[in-house]
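**Student:** Before I ask anything, let me first share the structure, which is written out below as structure tokens.
The values are calculated or read from the model by the stated rules, or taken from the named source; none is laboratory data. What you see is a predicted model, and the numbers here were worked out from it, not measured in a lab. A quick note on method: Cβ atoms are made from the backbone with ideal geometry, for glycine too, and the neighbour counts reach across all protein chains shown.
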Amino acid sequence: MDLLITVFLIGLLLAVLGSGLWIGLGLLGVAVVAMELFTQRPVGDSMMLTIWGSTSSWTLTALPLFLWMGEILFRTKLSEDMFKGLSPWLERLPGRLLHTNIIGCTLFAAVSG
């Protein structure tokens, strides 16, 4: 019986994803169907608690700030100037691009904390 349920849910997921729906919405829809059919727990309460608990964490606050920092570095050409400045210092080493990248990332990590 468990194998039949598994095949049904995977088939439903493939059908939903094959129809062109976004992956997150497809997974949410299949999870709602599975919870509605196979559990006694109220779907709305448990889904809202799970979704709110995973999206309200402090670890997600670093993502927009990281993207904003990358945009600032791109717009001000600071990263390009730094790589142009490091490149002549490392031209005698084999694998100059690799070493320039590692030192540049180290400097950015030291500056950004």
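**Student:** Does Thr50 satisfy the condition of being assigned to a helix (DSSP H, G or I), free of Cβ contacts under 8 Å to residues at least 40 places away in the same chain and loosely packed, with under 10 Cβ neighbours inside 10 Å?
**Tutor:** Numbers: assigned to a helix (DSSP H, G or I): yes; free of Cβ contacts under 8 Å to residues at least 40 places away in the same chain: yes; loosely packed, with under 10 Cβ neighbours inside 10 Å: no.
So Thr50 does not fit the description; no.
**Student:** What about Leu73, is it touching a Ser or Thr at 6+ places or on another chain (Cβ under 8 Å), of a type in the set (A, V, I, L, M, F, W, C), within 30 Å of Gly24 (Cβ to Cβ) and surrounded by 10 or more Cβ atoms within 10 Å (Cβ to Cβ)?
**Tutor:** It is true that Leu73 is touching a Ser or Thr at 6+ places or on another chain (Cβ under 8 Å), of a type in the set (A, V, I, L, M, F, W, C), within 30 Å of Gly24 (Cβ to Cβ) and surrounded by 10 or more Cβ atoms within 10 Å (Cβ to Cβ).
**Student:** What are the residues in the range 16-29 that are within 21 Å of the chain's Cα centre (by Cα), surrounded by 10 or more Cβ atoms within 10 Å (Cβ to Cβ) and either of a type in the set (Ser, Thr, Tyr) or assigned to a helix (DSSP H, G or I) (or both), if any?
**Tutor:** Residues satisfying the conditions are Leu17, Ile23, Leu25, Gly26, Leu27, Leu28, Gly29.
**Student:** Answer yes or no: is there a residue in the range 72-86 that is of a type in the set (Val, Ile, Thr), assigned to a helix (DSSP H, G or I) and within 23 Å of the chain's Cα centre (by Cα).
**Tutor:** Yes, the conditions are met somewhere in the range 72-86.
**Student:** Pairs please, first residue from the range 89-113 and farther than 13 Å from Ser79 by Cα and among the basic types (Lys, Arg), second anywhere and modelled with pLDDT of 85 or more and assigned to a loop (DSSP other than H, G, I, E, B), Cβ atoms under 9 Å, 6+ apart in sequence or on different chains.
**Tutor:** Arg96/Ser87
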